[in-house]
Ligand code: G6P
């Protein structure tokens, strides 16, 4: 086992640090930014059906559900296809409306999650076309789907998902951009820009990982906190959910992820000098709105930890702690902005003496409903 950890103290840390490579692996043979091409060989027979889809239903659980939320933003923005992101466990028990030929994208790291599998079978029985986004080759879900794309990120051992999440984002982004391009809902220039940016993601993740010591210091300061709130808007909203989930899973600190504006409808009541609030506040189209949300938290004496774009001067002046990430296209930012949150939860859990790779009560794949 020590050998498999490759010198890292835990699988989770190894998997976090593997991400520049695992993301590159997920793009290998698919993305050719220099020539402006994307090839998803696994989606072939149904690629036209996907392009013509009147709506897409995403089915997943846990972290995979969070990548589904990012996919919703991507497919709606670039492909102009409405997307519904469903918890598999809810979808399967509520007599959902499924039409013959509907496109379902099922996302699962393990390919064995019982609820996701059952939800797929239900949709399939009603005539839906099922595309799988799966990591484990030959897994149950990969076998029942019509077509799909593997992540190619390699085995993930830590129970808390890290490199599979970014692998899912990478593959979903490639699919969305490829559909948008074929459909003509993106300009050639934007398409090429985004492909070039996608190719730069591994290097940008590496830059974030080089900041590990900064995150570790912040972890030291907050390791005894009882609660955390994570806030983000737009593409960074699912990242807020994922950051909160990571912290809960491995450190057992209660954490809530929320859309930053929705904070006013509840979580704001929790804010006092004891409450750390993590803002994913990178430079994007909702930047100004997020700045006001930070001011609202500061006005109530909350302690703000902000993930900001390198070079930002405004938020560092407002926040108590900052973690810088390199500038990046808004739609691809979740691939970058989630990294410091993975590190933060990892360090806090280690400092609290938790079993990071095998947290209590959790399983890597939930094969019972
Ligand atoms: C479990 C794991 C999570 C994972 C979820 C969905 O809860 O602990 O890390 O996100 O299942 O798993 P899947 O394999 O379907 O992505």
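The values are calculated or read from the model by the stated rules, or taken from the named source; none is laboratory data. All values derive from a computational prediction rather than experimental measurement. Backbone-built Cβ (ideal geometry, glycine too); neighbour counts: all protein chains shown.
Listed here are the residues, each with its yes/no results for (1) more than 16 Å from the ligand (Cβ to nearest atom); (2) out of contact with any strand residue (DSSP E or B) (no Cβ under 6 Å at 6 or more places or on another chain); (3) free of Cβ contacts under 8 Å to residues at least 12 places away in the same chain.
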residue: 152; (1), (2), (3): no, yes, no
residue: 171; (1), (2), (3): no, no, no
residue: 181; (1), (2), (3): yes, yes, no
residue: 190; (1), (2), (3): yes, yes, yes
residue: 203; (1), (2), (3): yes, yes, no
residue: 212; (1), (2), (3): yes, yes, no
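Checking the structure you have, find out if any residue of the stretch 216-225 is at pLDDT 95 or above and surrounded by 24 or more Cβ atoms within 10 Å (Cβ to Cβ). No: zero hits. Inclusion of residue 194 among residues that are within 16 Å of the ligand (Cβ to nearest atom), in contact (Cβ under 8 Å) with a residue 40 or more places away in the chain, closer than 22 Å to residue 23 by Cα and out of contact with any strand residue (DSSP E or B) (no Cβ under 9 Å at 6 or more places or on another chain) is not warranted. Please state which one of 148, 158 is within 22 Å of the chain's Cα centre (by Cα) and modelled with pLDDT under 95. Step by step, each of 148, 158 is checked, and only 158 is within 22 Å of the chain's Cα centre (by Cα) and modelled with pLDDT under 95. Restricting 350, 366 to those that are within 16 Å of the ligand (Cβ to nearest atom) and either in a helix (DSSP H, G or I) or under 23 Å from residue 166 (Cβ atoms) (or both) reduces the list to 366. Only one entry of 156, 112 meets the criterion of being crowded, with 20+ Cβ neighbours inside 10 Å and in contact (Cβ under 8 Å) with a residue 60 or more places away in the chain, and that entry is 156.
With respect to the conditions (1) crowded, with 16+ Cβ neighbours inside 10 Å; (2) part of a loop (DSSP other than H, G, I, E, B), residue 339 lacks only one, and its number is (2).
Residue-level analysis places residue 79 among those that are touching a helix residue (DSSP H, G or I) at 6+ places or on another chain (Cβ under 6 Å) and away from the ligand (no atom under 16 Å from the Cβ).
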